[in-house]
1. With Asp62, Asp9, Asp86, Asp4 as the choices, which residue is modelled with pLDDT under 95, among the charged types (D, E, K, R) and under 25 Å from Asp134 (Cβ atoms)?
2. Could you check the range 160-169 and list, in sequence order, the residues that are of a type outside the set (Val, Ile, Thr) and closer than 15 Å to Ile36 by Cβ?
3. Select the strands (runs of 3 or more DSSP E) contained entirely in the range 1-106, then report the ones holding at least 1 residues which are touching a residue at least 60 places away in the same chain (Cβ under 8 Å).
4. Tell me which residues, restricted to the range 28-39, are surrounded by fewer than 22 Cβ atoms within 10 Å (Cβ to Cβ), out of contact with any Cys (no Cβ under 7 Å at 6 or more places or on another chain) and of a type outside the set (D, E, K, R).
5. Looking only at the range 93-134, which residues are acidic (Asp, Glu) and farther than 28 Å from Asp9 by Cα?
6. Please find, within the range 110-169, the residue that is surrounded by the most Cβ atoms within 10 Å (Cβ to Cβ) out of those that are touching a helix residue (DSSP H, G or I) at 6+ places or on another chain (Cβ under 7 Å) and assigned to a loop (DSSP other than H, G, I, E, B).
Amino acid sequence: MSTDEPTLDPISNRIQRIKAGNDPQALGRMRTGWAILSNQQPAGIEGCCMLLPDLPADLLGDSGCPATPAHLNDLSAPARAAFLSDMALLGDIVTKATGCERLNYLMLCNQVPVLHAHIVPRFASEDANKRLGDPFAVYDFPNARRADAHGTDAELFTRLKAEFDRTVG
């Protein structure tokens, strides 16, 4: 590998793989980015998804903001509203596909300092000690089962993808 090649953050790398057709967990393109089945699927809250930003030029205008910004607040008000709307729409999709009781929306951007949103389904069947807590605090995401859209998670992915296609088109 050439040392002249830029090193991309994990979010930008993932977006490149999606655009190249090399990400089996991609649900599809939304107005402001890509919906995916998250890499980690902790037992009890399966169906975790993410929205990865890839904002179109018409939303960015001449702001100088990249399509994959570092912060939500780097975006113009219309671009910010569009990203948040897509995040909520992905939440609708996760709710319908999983039957969850409610959702947690998280944009931490601490470990990977690039804008991205986590959509985490929460279920009435969760352990009572975990059910009301921050999912990243009460579940071991780093060591959670790795998602497999065409294996273990095939049925879940099929439900998510069908609902995505119905909702987004």
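1. The conditions single out Asp9.
2. Here is the first cut: in the range 160-169, the residues of a type outside the set (Val, Ile, Thr) are 160-166, 169.
Selection gives Leu160, Lys161, Glu163, Phe164, Asp165.
3. Numbers: elements: 26-29, 33-37, 49-53, 102-106.
By residue number, 26-29, 33-37, 49-53.
4. Let us first name the residues in the range 28-39 that are surrounded by fewer than 22 Cβ atoms within 10 Å (Cβ to Cβ), namely 28-29, 31, 38-39.
Now narrow it down to the ones that are out of contact with any Cys (no Cβ under 7 Å at 6 or more places or on another chain): 28-29, 31, 39.
Once the filter is applied, which keeps residues that are surrounded by fewer than 22 Cβ atoms within 10 Å (Cβ to Cβ), out of contact with any Cys (no Cβ under 7 Å at 6 or more places or on another chain) and of a type outside the set (D, E, K, R), the range 28-39 yields Gly28, Asn39.
5. We begin by selecting, within the range 93-134, every residue acidic (Asp, Glu); these are 101, 126-127, 134.
Once the filter is applied, which keeps residues that are acidic (Asp, Glu) and farther than 28 Å from Asp9 by Cα, the range 93-134 yields Glu101, Glu126, Asp127.
6. Leu115
The values are calculated or read from the model by the stated rules, or taken from the named source; none is laboratory data. Treat the numbers as computed from the prediction; the structure is a model and nothing was measured. A quick note on method: Cβ atoms are made from the backbone with ideal geometry, for glycine too, and the neighbour counts reach across all protein chains shown.
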